1. How many percent of Cα pairs in chain B exceed 38 Å?
2. If r is the Cβ-Cβ distance from residue B:19 to residue B:205 and R0 is 41 Å, what FRET efficiency results, to the nearest 0.05?
3. For B:497, B:145, B:358, what's the fewest-to-most ordering of other Cβ within 10 Å of each Cβ?
4. Taking a spot 7 Å from the Cα of residue B:191 along the direction of its beta carbon, which residues of the range B:71-87 have an amide N less than 15 Å from it?
5. If you take all C-alpha pairs in the range A:84-151, what percent of them are over 15 Å apart?
6. Any idea how far the Cα center of the range B:89-153 sits from the one of the range A:1-36, in Å?
7. Arrange the following residues from fewest to most other Cβ atoms within 10 Å of their Cβ: B:378, B:288.
8. According to a simple spin-label model (label point 7 Å from Cα along Cα-to-Cβ), what is the distance in nm between residue A:172 and residue B:502?
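Where a number appears in this text, it was derived from the coordinates with a stated rule and is not lab data. None of these values were measured; they are calculated from a predicted model. Neighbour counts are summed over all protein chains in view; Cβ atoms, including those assigned to glycine, are modelled from backbone coordinates with ideal geometry.
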């Protein structure tokens, strides 16, 4: 059964790595629902957050293939209940929409959105939340005329207690062990 | 982030650095890695490197091939025999793209390669300059690692990493793309081998609990079967493997690439697995109570239909690549480790055993296969020559001790079935990718990798014509590679499928062939063509005795099928006998 999974991939900052990751999905004809990349809490360790719909069996295999790539430090996959996630959406609506009564204002209050800027022609509204929430506001604003709409990729942090710094320590130990084995094999 | 976790403070005093060009540094780095042979094809964007090679002629033998695909396959042939990374050089653009088939082949067959491609000057990157191709982008899916060098000072570390990644863990091809200005520029040359980078753990730590659990299953098993893969050869675990199966008394079946990891004439050897494998190991895959897969990846050509594959058996999978575990076949116990290390850990916990009755069941099935198939392939008295009897005689005449390189198709499967690989590490064949045209160039690399071995290239008439230009390389090197061309005038394996699955509609599989002997002679390689059984033995003797490159073309039956066969997606225990 297909489900939504969020992958958190920790990598070194290397050219070509993004393409290396993307070919893993392309090869299996998996579409990315959302994609985000940023530096993590560790300097020079980058964090990709990718949302895909697939089976658990497939996501497990894909995660292993990702983690195997040189340059990838750790890769995890999670279901929604294992993470806290957000997306940000920006809505550009005509300023005159605010003029007709207080409907737009009510929506902004109700959806806990806020106004970033007001110009004579347009206002920009920002809302963070789950996709369903930003989508709902989008639909509510639609009758007032939406000039532009954009939604970011998902960002997610995991509820698990072990953090990437601890994994990096493990990894360092594993690669030292591996080095010993390499020298023993005397290749 | 520091990518190397190695402690550099303990480093011994640095040698005084010498200023050299990027090109020279590249060649010096290859020497540091012990490279003595490279395969390549010169062109504009790699000319500075070739200029440096000219200076180092005495230390590095450069083999000038006739097409870049020949270079990469030759490097593969050498790598498969030496277990060290094969090295090739090409120019940018078409030179680089011509490598792709070989990279894909090496990726699937875990062959260590370091391919170095020239690239346009860094200032021209992205301008669609002459012979510019995004080789980094193109090669990503078919390399274990790749990197573009745009500054001369990046060269030593990039080369050190390339060799480390190519050879360690599950080996594979790496590609370095080096811009022309990086080749011309200067740097202070200091070389240090790389043995550790943080994002790569080639040798996972063995989980002792898994070893004990595996040993328990093995000790309890009444009908165990070992599947031997190329991982045994790659980790040089032949001795450990033999000790293990002899102690536990377990019959051995081999994958195509695992052939020669264990002697074919050993009483525990039961043959090859898979689509065109032997009857007994395929049938008994679905009768055993325990499958122990070592250094193999349950390729679909081995397993057939996964839903009916060894469902009755417990599965132990010893495999260095974690991503291969539970990929195709779900395991009961997975040991994620190098084969040699895992076998060393396992051996003390194995109780000596013999499985006489179980072994006998293999012998019975082998007898059945002999009467139904082998006798008709290898022991014919009349009619045209069958490719089976050629390989059978070749095997006897060489005592199963030659290095055998094949191309892809019927002759390949026939060779895998009927050559007795009694000496270790003696088969070079394209498994995962099934690359026609692989054989001839790979045999050149294999011979250079093992000059003391007799190297025989068994090739079909289809594949031969895909890289036939490498006869030129062979002639120029005057290498004593013995080519056996099994000519049936067809793309035989495809014709077989058309026969079996497409109601004999032979769409574009029949070939009008050239005079191969004249072609060989044109290249300066002596050739002989035979078509009668009475000539076969003597012709093989002459070929084996000849000191120099030579071609023996054997006209074989036009329409024979390689049997038995598990049709694609079929059940392994339901091998077709006709």
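1. So the pairs more than 38 Å apart make up 33 percent of the total in chain B.
2. 0.45
3. Lowest to highest Cβ neighbour count: B:497, B:358, B:145.
4. Answer for this model: B:85, B:87.
5. Of the Cα pairs, 45 percent sit more than 15 Å apart.
6. Their Cα centres are 23 Å away from one another.
7. Ascending Cβ contact count within 10 Å gives the list B:378, B:288.
8. Distance between label points: 5.9 nm.
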